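S.K.: Quick one: the structure is below, questions incoming.
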Amino acid sequence: MIKVDKLAVVDPAANIGENCVIGPFCTIGANVVIGANSILRSHVVVDPYTEIGENTEIFPFATIGIQSQDQKHVRDTITFTRIGARNTIREFVSIHSGTEANTATSIGDDCTLLAHAHVAHNCQVGNHVVLSHSATLGGHVTIGDHANIGGLSAIHQFCHIGKAAMVGGMSRTIQDVLPFTIAEGFPAHMRVINKIGMERAGYSAAEIAEVRKAFRILFMRELRLEVAVQQAKQEFPNSANVQLMIDAINSSQRGLARPDSAMFEINVSE
């Protein structure tokens, strides 16, 4: 049974799944799909052409699928917002739709977006991602699975944050952060391997050790990056995780948030 509070406004063209609860003062637009067993507590706005997966809980004053703030957006252009299943979206979170016609902003499954987090137009957020309080993603940002974005941090447009990476709180990230690393600072620099994050994501001790050694080859031997990449390939030819790091290096458009040289002594002693 679907429970819609008498003070909620739900467009007849919206598709609300079984056992959903739509609380007071929620506004659901046309062509919205909300999966089964989802809860919108109150004062939630979901704009047209938004999909929300099952078992998702959205807290008061969140705005989902709202028009892009990109100044290139043309009014009445149809764009999309797609959110997966089992997500928690806390108070005042804002998730904007795509900018260009038929483009989308997407968030995967099992994510947690804490209060005041912002996901801008055309972002692609993976699964099991945490955006802490007031974390902000600029347009076209890509966030890998199991990444953790610290509170009050900001990610510049078009940056890539790799799988199982972490961005420390209050960081200003203006370049790409490789998979499995921790970056922090103003601007943010990669500092060390995200050992705890990798453990929580299910990586083995051997996999973590490989990634840690590869990080040292890449950044702590005072090699040109091209040479360091070749050495990492040679030393770990069968490691999918090291290859993922190398692929991220090769595909980077904004450059890498390379470690600050002041960090090297700390890392070497670990």
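The values are calculated or read from the model by the stated rules, or taken from the named source; none is laboratory data. Because the structure is a prediction, the values reported are computed rather than measured. Ideal geometry is used to build each Cβ from the backbone, glycine not excepted, and the neighbour counts take in all protein chains shown.
S.K.: Taking residue 134 and the conditions (1) touching a Gly at 6+ places or on another chain (Cβ under 7 Å); (2) closer than 19 Å to residue 33 by Cβ; (3) polar (S, T, N, Q), which numbered condition does it fall short on, given that it satisfies the others?
M.R.: Among (1) touching a Gly at 6+ places or on another chain (Cβ under 7 Å); (2) closer than 19 Å to residue 33 by Cβ; (3) polar (S, T, N, Q), residue 134 violates only (2).
S.K.: State which residue pairs qualify: first residue among the acidic types (Asp, Glu) and inside the range 163-185, second residue not in a loop (DSSP other than H, G, I, E, B) in any location, beta carbons under 8 Å apart, and separation of 6 or more residues or different chains.
M.R.: Going by the 8 Å Cβ cut-off, the qualifying pairs are 176/160; 176/161; 176/248; 176/256; 184/167; 184/191.
S.K.: Also, quick follow-up: Select from the range 40-75 the residues that are acidic (Asp, Glu) and either under 16 Å from residue 105 (Cα atoms) or buried (at least 19 other Cβ atoms within 10 Å of the Cβ) (or both) and list them in ascending order. Before the answer, list the steps.
M.R.: Pass one, the range 40-75, residues acidic (Asp, Glu): 47, 51, 54, 57, 70.
Answer for the range 40-75, where residues must be acidic (Asp, Glu) and either under 16 Å from residue 105 (Cα atoms) or buried (at least 19 other Cβ atoms within 10 Å of the Cβ) (or both): 47, 51, 70.
S.K.: For residues that are small (Gly, Ala, Ser) and in contact with a Ser or Thr (Cβ under 8 Å, 6 or more places away or on another chain), scanning just the range 30-39, find the one that is surrounded by the most Cβ atoms within 10 Å (Cβ to Cβ).
M.R.: Narrowing the range 30-39 to residues small (Gly, Ala, Ser): 30, 35-36, 38.
Then keep just the ones that are in contact with a Ser or Thr (Cβ under 8 Å, 6 or more places away or on another chain); that gives 35, 38.
Working: 35: 21, 38: 24.
Checking each candidate, the answer is 38.
S.K.: How many of the residues in the range 8-29 are in a loop (DSSP other than H, G, I, E, B) and within 26 Å of the chain's Cα centre (by Cα)? Give the derivation first.
M.R.: Start the filter on the range 8-29 by keeping residues that are in a loop (DSSP other than H, G, I, E, B), which leaves 8, 11-14, 17-20, 23-26, 29.
Next cut, within 26 Å of the chain's Cα centre (by Cα) only: 17, 20, 26, 29.
Selection size over the range 8-29: 4.
S.K.: A follow-up question, please. When you go through (1) surrounded by 15 or more Cβ atoms within 10 Å (Cβ to Cβ); (2) closer than 15 Å to residue 164 by Cβ; (3) β-branched (Val, Ile, Thr) one by one for residue 196, which number turns out not to apply?
M.R.: (1)
S.K.: Can you tell me which of 197, 202, 150 is at pLDDT 95 or above and under 25 Å from residue 121 (Cα atoms)? Write out each step before concluding.
M.R.: Values: 197 fails: under 25 Å from residue 121 (Cα atoms); 202 fails: under 25 Å from residue 121 (Cα atoms).
So the residue among 197, 202, 150 that is at pLDDT 95 or above and under 25 Å from residue 121 (Cα atoms) is 150.
S.K.: Checking the conditions here, which among 210, 199, 184, 226 is among the charged types (D, E, K, R), in contact with a Ser or Thr (Cβ under 9 Å, 6 or more places away or on another chain) and part of a helix (DSSP H, G or I)?
M.R.: Details: 199 fails: in contact with a Ser or Thr (Cβ under 9 Å, 6 or more places away or on another chain); 184 fails: part of a helix (DSSP H, G or I); 226 fails: in contact with a Ser or Thr (Cβ under 9 Å, 6 or more places away or on another chain).
The conditions single out 210.
S.K.: Here is a list of conditions, (1) within 19 Å of the chain's Cα centre (by Cα); (2) at pLDDT below 95, and residue 260 meets all of them except one; can you say which number that is?
M.R.: (1)
S.K.: If you scan the range 155-177, which residues turn out to be surrounded by 19 or more Cβ atoms within 10 Å (Cβ to Cβ) and in a strand (DSSP E or B)?
M.R.: Result: 155, 160, 161, 166, 167, 173, 176, 177.
S.K.: Is it true that residue 154 is in the same structural domain as residue 55 (by TED's automatic domain parsing) and farther than 17 Å from residue 198 by Cβ?
M.R.: Working: in the same structural domain as residue 55 (by TED's automatic domain parsing): no; farther than 17 Å from residue 198 by Cβ: yes.
Against the criterion (in the same structural domain as residue 55 (by TED's automatic domain parsing) and farther than 17 Å from residue 198 by Cβ), residue 154 does not qualify.
S.K.: Here's another thing I want to ask about it. I need the full set of residues from the range 183-193 which are β-branched (Val, Ile, Thr) and either closer than 18 Å to residue 160 by Cβ or buried (at least 21 other Cβ atoms within 10 Å of the Cβ) (or both), in order please. Explain how you work it out, then say what you get.
M.R.: Filtering the range 183-193 for residues β-branched (Val, Ile, Thr) gives 192-193.
If the condition is that a residue be β-branched (Val, Ile, Thr) and either closer than 18 Å to residue 160 by Cβ or buried (at least 21 other Cβ atoms within 10 Å of the Cβ) (or both), then 193 is the only one that fits.
S.K.: Under the condition of being more than 13 Å from residue 258 (Cα to Cα) and of a type in the set (Lys, Arg), which residue from the range 167-203 is farthest from the chain's Cα centre (by Cα)?
M.R.: Filtering first and then ranking leaves 195.
S.K.: Within the set of pairs 6 or more residues apart or between chains, which connect a residue that is within 14 Å of residue 108 (Cβ to Cβ) inside the range 129-151 to a residue that is surrounded by fewer than 18 Cβ atoms within 10 Å (Cβ to Cβ) and among the aliphatic types (A, V, I, L, M) with Cβ atoms less than 7 Å apart?
M.R.: Taking only residues 6 or more apart or on different chains, the pairs are 146/201.
S.K.: Among the listed residues 170, 166, identify the single one that is touching an Asp or Glu at 6+ places or on another chain (Cβ under 9 Å), over 13 Å from residue 181 (Cβ atoms) and of a type in the set (A, V, I, L, M). Explain how you work it out, then say what you get.
M.R.: Details: 166 fails: over 13 Å from residue 181 (Cβ atoms).
That would be 170, the only listed residue that is touching an Asp or Glu at 6+ places or on another chain (Cβ under 9 Å), over 13 Å from residue 181 (Cβ atoms) and of a type in the set (A, V, I, L, M).
S.K.: Among 78, 89, which is surrounded by fewer than 17 Cβ atoms within 10 Å (Cβ to Cβ), of a type outside the set (S, T, N, Q), assigned by TED's automatic domain parsing to the domain that holds residue 114 and modelled with pLDDT of 95 or more? Quick ask: steps written out before the conclusion?
M.R.: Values: 89 fails: surrounded by fewer than 17 Cβ atoms within 10 Å (Cβ to Cβ).
After ruling out the rest, the residue left standing is 78.
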